[in-house]
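Participant: What follows is a single structure, and I will ask about it in a moment.
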Amino acid sequence: QVQVAESGGGLVQYGGSLRLSCVASGAISTIADMRWFRQRPGKQREWVATIPSIDSGPLYAESVEARFTISRDDAKNTLYLQMNRLGPEDTAVYYCGMIIRDALQGKYSDYWGRGTQVAVSP
């Protein structure tokens, strides 16, 4: 069974940095696109960034571009999000989603973690 789990959230001061991680485990054959989403208090979940499996550049939401960096380590089945110059508007639960082909059935499915809380103090 494939599982995805985020970590690295916490409380940080305005202007600070955090690095989130997301690890996929289980019977994994291939991981395609990896994404970060977030849900701010009282808001709907929104897309933050995507890093595809092919050799093309990552994509960012306008609100985080130039401050956040998404990266992946396929040898470790791990996704990262380096967040710099954080502000109160970045306070949210951050979720990672991975499109994974499982090794048992050979099917691609979209797997999500339970999220990690990021809180930025003014």
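Participant: Carbon and sulfur atoms: what percent of the 1.4 Å accessible area of the chain do they account for?
Facilitator: Details: 3180 of 6660 Å².
Of the solvent-accessible surface of the chain, carbon and sulfur hold 48 percent.
Participant: Calculate, for Ser56 and Ser121, the FRET efficiency according to 1/(1 + (r/R0)^6) with r their C-beta to C-beta distance and R0 35 Å; round to the nearest 0.05.
Facilitator: Numbers: r = 36 Å, r/R0 = 1.04.
That gives a FRET efficiency of 0.45.
Participant: Now for a separate question. Roughly how many Å² is the accessible area per residue of the chain, as a whole number, for a 1.4 Å probe? Don't skip to the end; give the middle numbers.
Facilitator: Details: 6660 Å² over 122 residues.
Accessible area per residue: 55 Å².
Participant: Taking each pair of different alpha-carbon atoms in the stretch 46-116 once, compute 1/r for the pair, average those values, and report the inverse of that mean as the Kirkwood hydrodynamic radius in Å to one decimal. Could you put the intermediate results ahead of the total?
Facilitator: Working: mean 1/r = 0.0732 Å⁻¹.
About 13.7 Å for the stretch 46-116.
Participant: Something else: Go ahead and set up a Gaussian network model of the chain, Cα springs under 10 Å, then flag whichever of Gln82, Gln13, Gln44 fluctuates most.
Facilitator: Greatest mean-square fluctuation among the candidates belongs to Gln44.
Participant: Further question on the same structure: Lys107 to Ser25: FRET efficiency via 1/(1 + (r/R0)^6), r the Cβ-Cβ distance, R0 22 Å, to the nearest 0.05?
Facilitator: Details: r = 17 Å, r/R0 = 0.79.
The pair Lys107/Ser25 has a calculated efficiency of 0.80.
Participant: While we're on this one: Work out the length of the dipole vector of the chain about its Cα centre, built from +1 on the beta-carbon of each Lys and Arg and -1 on the beta-carbon of each Asp and Glu, and round it to the nearest 20 debye. Present the calculation step by step, with values, prior to reporting the outcome.
Facilitator: On the way: 13 positive and 12 negative charges, 51 e Å.
Dipole size: approximately 240 debye.
Participant: Right, next: Of all beta bridges DSSP finds with both residues in the chain, what is the antiparallel percent, to the nearest 5? Could you put the intermediate results ahead of the total?
Facilitator: On the way: 41 of 45 bridges.
Here the antiparallel bridges make up roughly 90 percent for the chain.
Participant: Output ³J(HN,Hα) for the stretch 94-105: one whole-Hz value per residue in order, computed from phi by the Karplus curve 6.51 cos²θ - 1.76 cosθ + 1.60 with θ = phi - 60°, and x for Gly and Pro.
Facilitator: Working through the residues one at a time gives 9, 10, 10, x, 10, 9, 10, 9, 7, 6, 8, 9 Hz.
Participant: Separate question: Kindly provide the GluC sites (Glu not before Pro) of the stretch 25-122 that DSSP labels as loop, not H, G, I, E or B, and whose Cβ sees at most 14 other Cβ atoms within 10 Å.
Facilitator: Numbers: sites: Glu46, Glu62, Glu65, Glu89; in loops: Glu62, Glu65.
Answer by residue number: Glu62, Glu65.
Participant: Using a 10 angstrom cutoff on alpha carbons, build the Gaussian network for the chain and name the most mobile of Asp74, Asp55, Asp110.
Facilitator: The residue with the greatest mean-square fluctuation here is Asp55.
Participant: Taking only C-alpha pairs under 8 Å that are 6+ residues apart, what is the relative contact order of the stretch 2-122 in percent? If you can, show how the numbers build up before the last one.
Facilitator: Values: 311 pairs, mean separation 45.4, N = 121.
Once normalised by length, the contact order is 38 percent.
Participant: Specify which residue in the list Ala49, Ala66, Gly9 is farthest towards the positive end of the charge dipole of the stretch 1-80, using unit charges on the beta carbon of Lys, Arg (+1) and Asp, Glu (-1), about the Cα centre.
Facilitator: The listed residue farthest towards the positive side: Gly9.
Participant: Rounded to the nearest 10 Å², what accessible area does Ile28 have for a 1.4 Å probe in the complete protein model?
Facilitator: Per-residue accessible area (Ile28): approximately 40 Å².
Participant: List the residues, sorted by chain then number, that are 5 or more residues from Arg85 or on another chain and whose placed amide H is less than 5 Å from its amide H.
Facilitator: none
The values are calculated or read from the model by the stated rules, or taken from the named source; none is laboratory data. Small disclaimer: the values here were computed from a predicted structure and weren't measured. As a convention, Cβ positions derive from the backbone with ideal geometry for all residues, glycine included, and neighbour counts pool all protein chains shown. For accessibility, only protein heavy atoms count, side chains too; no ligands or nucleic acids. Shrake-Rupley method; radii C 1.70, N 1.55, O 1.52, S 1.80 Å.
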